[in-house]
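Take a look at the structure below.
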């Protein structure tokens, strides 16, 4: 009897520790917000979100409510501005708390929810607990999700995206209509939470997810699944109409009425040069709040870093035998990357013609899909390595591929920096002219941006050593893992810890 009790306790412990890890990670980073010592008093939080939150919170705690705010211009229908998410159930609940406490806890809760939901999705894909943590923990504190801390509506909406994927996966695996209904409910919550672009992206991607999914195998079942999915989308957007209809009428009184022009819709694209941020997130500066930002638009729109280790492990997920989620995630991530480039990627002008997308700008936000795809692919690759499923030939190719790519990239970067600093044959003028198309959206002169990048890569600092150190650690694991060293559990735990520390430091 005692042995059985111990087995149950051990199993419960294994189930709980990943959620404890996620909770501790969130607590460590957001401790000042949790203890109400700070508020993220920057950017749109200072100019819009917190003042409006305090106004509405004061009304609710006083037993009153108003759809109209007389303090904005000559009066403003605040309920019609979806960014406040007045009809999103958690908003009025947290507004009953003192304004600072409610605002801070609202943000922190959604970061924790996002991590837990992505963990559950990875577990549903049959990934181990360490691998699922490798995706979930960095997701909370990196990339699009973390950078949009200054947009609480974005944080709240994106937190539910992994749960939508989880419910869609269960609906297809188990062929149960109830999970389609639940997915529609999540879509409705996202419509209410104030950032319509994310449910539109989900509605765009999910039919491809359904069609490529190996289950249901029968054609008739596939058609039924498509019909159920269509019903869930109608349900979700129908639930969101209480917010979307007032917002639609407000949009018709704005510059978005009738749709945006091609140039205006391209505002918020990701310049190709800023893809370097996937490896060196501070190459273009630390953001407007810290000054010295050299990139396009605002820092949060172009922050794409999700850590080094998930990126390094991702190719291992694409080796044979290849699982279907890896194929979908690869193509979804690649297409989303191209869309994030805006007009330069060619796909955005086509997508911009679709209803809903025609009033949106910020194509760079499509990189949120690439972030999630990279993290889940990295978790799948790590899981294959951890379980010993990588064949010796695959391990050697992975080792050589990254080693050669790193060596060639370093040599090329050193050559370009040397030529630029020495200005051989007026190389600076040539570089400034040639880099123009890769800096689309950046308002600063190309010469100033290149000067800043050159200074970044020639100045000794820890931020350059982190990717190098993690690359060497990864190469060591890949080269010696299939020879029997180091121990599996110790190495796996170290990978997860380093991945968390990586994003914590950069955040």
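The values are calculated or read from the model by the stated rules, or taken from the named source; none is laboratory data. The structure displayed is predicted, hence computed values, not measured ones. No Cβ is skipped: glycine too gets one built from the backbone with ideal geometry, and neighbour counts run over all protein chains shown.
Take residue 259 and decide whether it is touching a residue at least 12 places away in the same chain (Cβ under 8 Å) and out of contact with any strand residue (DSSP E or B) (no Cβ under 8 Å at 6 or more places or on another chain).
Details: touching a residue at least 12 places away in the same chain (Cβ under 8 Å): yes; out of contact with any strand residue (DSSP E or B) (no Cβ under 8 Å at 6 or more places or on another chain): yes.
So residue 259 passes the test.
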Among the residues of the stretch 433-454, how many are touching a residue at least 60 places away in the same chain (Cβ under 8 Å), part of a helix (DSSP H, G or I) and surrounded by 15 or more Cβ atoms within 10 Å (Cβ to Cβ)?
-> 5
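Of these, 493, 414, 407, which one is surrounded by 11 or more Cβ atoms within 10 Å (Cβ to Cβ), on the phi < 0 side of the Ramachandran plot and more than 26 Å from the chain's Cα centre (by Cα)?
On the way: 493 fails: more than 26 Å from the chain's Cα centre (by Cα); 407 fails: surrounded by 11 or more Cβ atoms within 10 Å (Cβ to Cβ).
Exactly one of 493, 414, 407 is surrounded by 11 or more Cβ atoms within 10 Å (Cβ to Cβ), on the phi < 0 side of the Ramachandran plot and more than 26 Å from the chain's Cα centre (by Cα), namely 414.
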Residue by residue through the stretch 40-57, note down the ones that are modelled with pLDDT of 90 or more and touching a helix residue (DSSP H, G or I) at 6+ places or on another chain (Cβ under 7 Å).
-> 45, 49, 50, 52, 53, 54, 56, 57
Report yes if residue 264 is more than 30 Å from residue 133 (Cβ to Cβ), out of contact with any helix residue (DSSP H, G or I) (no Cβ under 8 Å at 6 or more places or on another chain) and either touching a residue at least 12 places away in the same chain (Cβ under 8 Å) or surrounded by 19 or more Cβ atoms within 10 Å (Cβ to Cβ) (or both), otherwise no.
-> yes
Taking residue 107, is it under 30 Å from residue 329 (Cβ atoms), assigned by TED's automatic domain parsing to the domain that holds residue 26 and within 26 Å of the chain's Cα centre (by Cα)?
-> yes
Test residue 228 against the stated conditions and say whether it is free of Cβ contacts under 8 Å to residues at least 12 places away in the same chain and more than 26 Å from the chain's Cα centre (by Cα).
-> no
Take residue 242 and decide whether it is modelled with pLDDT of 90 or more and over 23 Å from the mean Cα position of the chain (by Cα).
-> yes
When you look at residue 27, is it farther than 28 Å from residue 197 by Cα, within 23 Å of the chain's Cα centre (by Cα) and at pLDDT 95 or above, yes or no?
-> yes
Among (1) touching a residue at least 40 places away in the same chain (Cβ under 8 Å); (2) under 28 Å from the mean Cα position of the chain (by Cα), the one test that residue 250 misses | (2)
Which listed residue is surrounded by fewer than 16 Cβ atoms within 10 Å (Cβ to Cβ) and either at pLDDT below 95 or within 24 Å of residue 119 (Cβ to Cβ) (or both), from 187, 211, 168, 181 = 211
Could you pull out the residue among 430, 457 that is over 29 Å from the mean Cα position of the chain (by Cα) and either without any contact (Cβ under 8 Å) to a residue 24 or more places away in the chain or assigned to a helix (DSSP H, G or I) (or both)?
-> 430
Of the conditions (1) modelled with pLDDT under 95; (2) under 25 Å from residue 116 (Cα atoms); (3) in a loop (DSSP other than H, G, I, E, B), the single one that residue 14 does not satisfy is (3)
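Kindly check whether there is at least one residue in the stretch 323-333 that is in the same structural domain as residue 442 (by TED's automatic domain parsing) and modelled with pLDDT under 90. Even if it seems obvious, please write down each step before you answer.
Filtering the stretch 323-333 for residues in the same structural domain as residue 442 (by TED's automatic domain parsing) gives 323-333.
With modelled with pLDDT under 90 added as a condition, the list becomes 323-324.
Looking for residues that are in the same structural domain as residue 442 (by TED's automatic domain parsing) and modelled with pLDDT under 90, one finds at least one in the stretch 323-333, hence yes.
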The stretch 460-483, residues that are surrounded by fewer than 13 Cβ atoms within 10 Å (Cβ to Cβ) and in a helix (DSSP H, G or I) | 462, 465, 468, 472
State whether one or more residues within the stretch 285-295 are assigned to a helix (DSSP H, G or I), farther than 25 Å from residue 46 by Cβ and out of contact with any strand residue (DSSP E or B) (no Cβ under 7 Å at 6 or more places or on another chain).
-> no
Scan of the stretch 40-68 for residues that are surrounded by 13 or more Cβ atoms within 10 Å (Cβ to Cβ) and more than 28 Å from residue 246 (Cβ to Cβ), ordered by number | 42
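Out of 72, 86, I need the residue that is crowded, with 21+ Cβ neighbours inside 10 Å and modelled with pLDDT under 95. Which one?
On the way: 72 fails: crowded, with 21+ Cβ neighbours inside 10 Å.
Sole residue among the options that is crowded, with 21+ Cβ neighbours inside 10 Å and modelled with pLDDT under 95: 86.
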Residue 381 passes all but one of the listed conditions (1) surrounded by 17 or more Cβ atoms within 10 Å (Cβ to Cβ); (2) at pLDDT below 95; the exception is number (2)
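Considering only the stretch 75-97, state which residues are under 10 Å from residue 57 (Cβ atoms) and either assigned to a helix (DSSP H, G or I) or free of Cβ contacts under 8 Å to residues at least 12 places away in the same chain (or both). Please lay out each step first, then the result.
Filtering the stretch 75-97 down to residues under 10 Å from residue 57 (Cβ atoms) leaves 91-92, 94-97.
Matches in the stretch 75-97: 91, 92, 94, 95.
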